[in-house]
1. Around V131, what is the net charge, scoring Lys/Arg as +1 and Asp/Glu as -1 over all other residues with Cβ under 15 Å from its Cβ?
2. Taking other Cβ within 10 Å of each residue's Cβ, how do I156, I103 sort, fewest first?
3. Could you go through the stretch 159-164 in sequence order and give the Karplus-derived ³J(HN,Hα) for each residue, using 6.51 cos²θ - 1.76 cosθ + 1.60 with θ = phi - 60°, rounded to whole Hz, and x for Gly and Pro?
4. Which whole-Hz ³J(HN,Hα) couplings does the stretch 192-204 yield from phi under the Karplus relation 6.51 cos²θ - 1.76 cosθ + 1.60, θ = phi - 60°, glycine and proline marked x?
5. Could you give the angle, 0 to 90 degrees to the nearest 10, between helix 66-89's Cα long axis and the longest principal axis of the Cα atoms of the chain?
6. In deg cm²/dmol and to the nearest 500, what is the mean residue ellipticity at 222 nm of the chain if only DSSP H runs of at least 4 residues count, each as -39500 (n - 2.57), divided by the residue total?
7. Excluding the sites themselves, what is the longest stretch of the chain that contains no trypsin sites (Lys or Arg not before Pro) in a DSSP loop with at most 15 other C-beta atoms within 10 Å?
8. On C-alpha positions alone, give me the angle between the axis of helix 229-243 and the longest principal axis of the chain, in degrees, nearest 10.
Amino acid sequence: MYDRETDSLIKKFDDLSQQNMKRISTKYAKQIRGIEKLIEIQSKIASYFAGLWNAPGMAIKSHRELLPLLFISFHKNFFSFYSAYKLTTQGLYGPARPIIRNIFEALMISKFCYLSDNPTVLKKWDSGQIVYFSNSILKKVIKPNPKPFHDFWGIICDQSHATKNGMQFALELSDEDELSNVLGNFAVLAVLLECNYHLLNSLLITPELYNMAKYYISRYSFKEKEFMIPEFRKTAHKEFKKNREFLSSDSISLIWTYRRKWDIKA
């Protein structure tokens, strides 16, 4: 890298990224297909409801601002998932991790605001103020045991902040340790995509909205089978099962803890 004969560092990075993509796309083809499929499925399910989420008068738990905020969080996560996924496939697992941290924050804030009766965090979120994540969110979750959240938060902060362990030192994936970092990112993305699916199907898509979309599409569609959400959901759960084959018990605990009903400290 620090070679006087190097014509262009940018070209060197470009060349190494291309080499990494070929190697990673072969070695981790199954994991990559799973991530891509879950992104596509969630975007297709969301396509039935995007207009309803932005419609005037729609509200969750009497908060008119909550539904648009949840949708914005879910929508922005697609950009983050794609960016982290593409960087990792190029071998840039380190720069992907601050983006992964952002996804986790968005998921946690979204569910917290959905469940909490205290409007303080919701008002800050809606006004664009900083939500101090650890004190405002993590320390407020009492049940289920929030240890998986704290453990993951500690790891991802250590890897994404400017610490000794943060980011990465080389782009040449020369040993198994480097490749294990790539696989680790794919595993985390699989976990967070399943959490994102919960945000979509359990928080954003209320029973009322589901029935509304089903009614209008069934009544006014010219196609015989237009309402495909049940099929998409079945496919998603098949992908979750495949992904869990390469997830650790800690990763699965994080999924289940996110999906369960939370008790929140006032």
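Derivation of every value follows stated rules applied to the coordinates shown; laboratory data play no part. Nothing here was measured: the structure is a model prediction, and the numbers come from that model. Cβ placement follows ideal geometry from the backbone for every residue including glycine, while neighbour counts extend to all protein chains displayed.
1. +4
2. Details: I156 19, I103 24.
Final ranking by Cβ density, sparse to dense: I156, I103.
3. 8, 10, 7, 7, 10, 4
4. 5, 5, 5, 5, 5, 5, 5, 4, 5, 8, 10, 10, 6
5. 20
6. -21500 deg cm²/dmol
7. 65-163
8. That helix lies at roughly 30 degrees to the long axis.
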